[in-house]
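A short write-up of the structure that comes next.
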Amino acid sequence: MKTRRKRIGNEIVRTAVVSVRRNFIIGLVALLMGAFALPASAQCEAKNDAFQSGEHVMYDLYFNWKFVWVKAGLASLTTNATTYHSQPAYRINLLALGSKRADFFFKMRDTLTCVIGEKLELAYYGKIEAEATIAYIHPGNKLATVIGFNKDADTQVKKDIAMQAAAMAPIAVDKNDVPQEVIAHELEIGRDKAREEGKPENMLDKIAEGRLNKFYQESTLLNQAFVKDAKQTIKAYLASQDKDLTVTGFIRFTLND
């Protein structure tokens, strides 16, 4: 891949040429991470000249076939200083978007967030793939979310959902995505509480089901009350913007635990 680099203010802009393959952005990240993910004992001591905190790198992605050169999309890479398990680290966010012309052949909406120790060891990473994605980092660089959608939407709408997931810490997108062991545990808790309250044994299951529904409302993203307007759920908020719009997945990162 050939890259041309220029600096605009505090940003670095690079133009890159890549082959048009669905997994090319994974290869880009693997190349970046592979250089740093080895155990510290297997690396030579060297100064980090690859990146610095606050750096924002933009890539123009091109499809090349023989003499044909067509812009295929845009990738953005940001680096910020943070901590991981009380140790200095870097958080790197990569966002790749295909162009409208490239979308005719394949859609690329990839977001990847990773944390690398100060010694440049890969500490943790997560990836989500969807028709549209957005990443949000809460002030302080210790809480972040990545949200996947079934289609593109207004940036503010997507950011609202990312901030909702950061603030309310859902465990699943919808109630059908909650693991069975979690459901069984919540039902057991519901029955125990009802029993402690002196409810009749023949009513325990019904009461537990009611409390499970409340759990869904509090702990699944689409059924949570919207933090900006508690009168509507996230599902209703999305439908008010686009009746077909929904969340397909999310990842929530926190260094506060």
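Odds and ends about this structure:
- Filter result for Lys107 (within 17 Å of the chain's Cα centre (by Cα), closer than 26 Å to Ile234 by Cβ and not aromatic (Phe, Trp, Tyr)): no
- Selection within the stretch 181-224 - under 30 Å from the mean Cα position of the chain (by Cα) and not in a helix (DSSP H, G or I): Thr220, Gln224
- Lys100 being modelled with pLDDT of 75 or more and loosely packed, with under 14 Cβ neighbours inside 10 Å: yes
- Only one entry of Gly198, Gly210, Gly190, Gly148 meets the criterion of being buried (at least 16 other Cβ atoms within 10 Å of the Cβ) and over 30 Å from Tyr84 (Cβ atoms), and that entry is Gly190.
- With respect to the conditions (1) of a type outside the set (S, T, N, Q); (2) closer than 25 Å to Arg91 by Cα; (3) modelled with pLDDT under 95; (4) out of contact with any Ser or Thr (no Cβ under 8 Å at 6 or more places or on another chain), Val247 lacks only one, and its number is (3).
- Selection count where residues are free of Cβ contacts under 8 Å to residues at least 40 places away in the same chain and under 14 Å from the mean Cα position of the chain (by Cα), scope the stretch 138-161: 3
- The stretch 128-155: number of residues that are closer than 20 Å to Met108 by Cα and either in a helix (DSSP H, G or I) or of a type outside the set (Phe, Trp, Tyr) (or both): 18
- Checklist (1) in contact with a strand residue (DSSP E or B) (Cβ under 9 Å, 6 or more places away or on another chain); (2) without any contact (Cβ under 8 Å) to a residue 40 or more places away in the chain applied to Ala194, failing item: (1)
- Set Ile161, Ile116: member being in a strand (DSSP E or B) and surrounded by 16 or more Cβ atoms within 10 Å (Cβ to Cβ): Ile116
- The requirement of being in contact with a Ser or Thr (Cβ under 8 Å, 6 or more places away or on another chain) and within 16 Å of Leu94 (Cα to Cα) is fulfilled somewhere in the stretch 147-161, by at least one residue.
- Within this structure, Tyr237 passes the test of being assigned to a helix (DSSP H, G or I), touching a residue at least 12 places away in the same chain (Cβ under 8 Å) and touching a strand residue (DSSP E or B) at 6+ places or on another chain (Cβ under 8 Å).
- Single condition Ala75 does not satisfy, out of (1) more than 17 Å from Gly249 (Cα to Cα); (2) surrounded by fewer than 16 Cβ atoms within 10 Å (Cβ to Cβ): (2)
- Test set (1) surrounded by fewer than 19 Cβ atoms within 10 Å (Cβ to Cβ); (2) closer than 19 Å to Lys107 by Cβ; (3) of a type in the set (Phe, Trp, Tyr) - Tyr125 fails condition number: (2)
- One residue from Phe250, Phe215 being over 30 Å from Asp110 (Cβ atoms), crowded, with 19+ Cβ neighbours inside 10 Å and aromatic (Phe, Trp, Tyr): Phe215
- Among the residues of the stretch 74-87, at least one is assigned to a loop (DSSP other than H, G, I, E, B) and either modelled with pLDDT under 65 or closer than 17 Å to Ala144 by Cβ (or both).
- Test result for Arg101, touching a residue at least 12 places away in the same chain (Cβ under 8 Å), assigned to a helix (DSSP H, G or I) and not β-branched (Val, Ile, Thr): yes
- Condition broken by Gly140, with the remaining ones in (1) modelled with pLDDT of 80 or more; (2) in contact with a strand residue (DSSP E or B) (Cβ under 7 Å, 6 or more places away or on another chain); (3) of a type outside the set (Phe, Trp, Tyr) satisfied: (2)
The values are calculated or read from the model by the stated rules, or taken from the named source; none is laboratory data. This is a predicted model, so every value here is computed, not measured. Cβ sites come from the backbone with ideal geometry, for glycine too, and all protein chains shown count toward neighbours.
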